[in-house]
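Read through the structure below, which is laid out as C-alpha cells, and then see the notes.
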C-alpha cells in the first residue's frame, strides 16, 4: 500500500497533485520515467510520468487531470488514503547532457512531466528557455516551479487571459528565429507535440517528445503502446516514452488516441484551424 502524504487540487479542481510514499521507487527514479498506479482491486492500471521525486523523504509526486472513471477514483482519495499498487520506475530516463541552449515546451498537464526534465537540463549546465501553455490562466499549473527550473519562462494562453495570447508555437517560432537552439523538448497534447516537431524540423533543431499512447502492462508484453518511429514499431513503455519528434508518426498516434479521448481530437482540430488561418 502506498500512502498519500500530500494532496492538492489545481486548475479549479480538474488537476490533482498527489505526493505518495514510495521509498524504493523514489530512490531509483530519474527524470522522464513513469509509474503505473492502481487505486483498488477493481481499479484500472493508469500510467503517469512522475512530476517529482524526493529520495530523502521517500516520496514521488504525480499530477493528473480528471478525465474519466479511473482518474475520478484517484481524485476521491484524500491525504492518508492509500493506492493499492504502484509499479515503477518504468521507461527509459531522459538523456541529460550539456548541449548549450535548450527550449522546453509544455502544454496542459504535460508541464508536470516537463518540470523535472527542465530542472535536470538546467542542473547539467544548459541555458534553459521554457514555454508553457494552457487554454486559460486558471488551467495553468506549476508556473513558479517552471520559473525556478528555467533561465527564462514564457507563458501562453489560448484565450489571452495570461501571458502571450496564442499557442506555444507562436513564441517558439520567435525564439528559433532569433537565436541558436541546440535542442527542443516538447511534452503535452499530441497535436501540440506534432506541430512543435514540424516547426523545429524546418529549423533543423533536434526535438524530443514524450508520448502517451494507450498502455496496459508497461513492460512491453501487451503491445498496446506501440508507436511508429522512423518507420519502425516501437513500444513507448520500454523504448520510450521519449522519442525523436521528427521521426514520430503523429497522425497514426492520433488515430489510436481518438478512439479513447475527445480532448485530443479537440486540440488537434484547434491546431489545424490555426495553421490553415496562417496559410490563408
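The values are calculated or read from the model by the stated rules, or taken from the named source; none is laboratory data. Since this is a predicted model, take the numbers as computed values, not measurements. Here the Cβ positions follow ideal geometry from the backbone for every residue, glycine too, while neighbour counts run over all protein chains shown.
Taking residue 34 and the conditions (1) exposed (fewer than 15 other Cβ atoms within 10 Å of the Cβ); (2) modelled with pLDDT under 95; (3) within 30 Å of residue 97 (Cα to Cα), which numbered condition does it fall short on, given that it satisfies the others? Only one criterion in (1) exposed (fewer than 15 other Cβ atoms within 10 Å of the Cβ); (2) modelled with pLDDT under 95; (3) within 30 Å of residue 97 (Cα to Cα) is unmet by residue 34, namely (1).
In the range 206-244, how many are free of Cβ contacts under 8 Å to residues at least 60 places away in the same chain, touching a helix residue (DSSP H, G or I) at 6+ places or on another chain (Cβ under 7 Å) and within 19 Å of residue 95 (Cα to Cα)? The number of residues fulfilling the criteria is 3.
Mind checking which residues of the range 91-102 are modelled with pLDDT of 95 or more and touching a helix residue (DSSP H, G or I) at 6+ places or on another chain (Cβ under 7 Å)? If the condition is that a residue be modelled with pLDDT of 95 or more and touching a helix residue (DSSP H, G or I) at 6+ places or on another chain (Cβ under 7 Å), then 102 is the only one that fits. Residue count for the range 206-258 under the criterion of being part of a loop (DSSP other than H, G, I, E, B) and buried (at least 19 other Cβ atoms within 10 Å of the Cβ): the result is 9. Residues in the range 177-205 that are assigned to a helix (DSSP H, G or I) and more than 20 Å from residue 95 (Cβ to Cβ): 177, 178, 190, 191, 192, 194, 195, 198, 199, 202. The conditions of being touching a strand residue (DSSP E or B) at 6+ places or on another chain (Cβ under 7 Å), farther than 17 Å from residue 200 by Cβ and in contact (Cβ under 8 Å) with a residue 12 or more places away in the chain are met by residue 89. Taken over the range 212-229, the criterion of being closer than 16 Å to residue 46 by Cβ and out of contact with any strand residue (DSSP E or B) (no Cβ under 6 Å at 6 or more places or on another chain) is satisfied by 212, 214, 216, 217, 219, 222, 224. Inclusion of residue 133 among residues that are in the same structural domain as residue 239 (by TED's automatic domain parsing), under 22 Å from residue 240 (Cβ atoms) and in contact (Cβ under 8 Å) with a residue 24 or more places away in the chain is not warranted.
Candidates in the range 81-111 are the residues that are part of a strand (DSSP E or B) and more than 20 Å from the chain's Cα centre (by Cα); of these, the one that is nearest to residue 130 (Cα to Cα) is 101.
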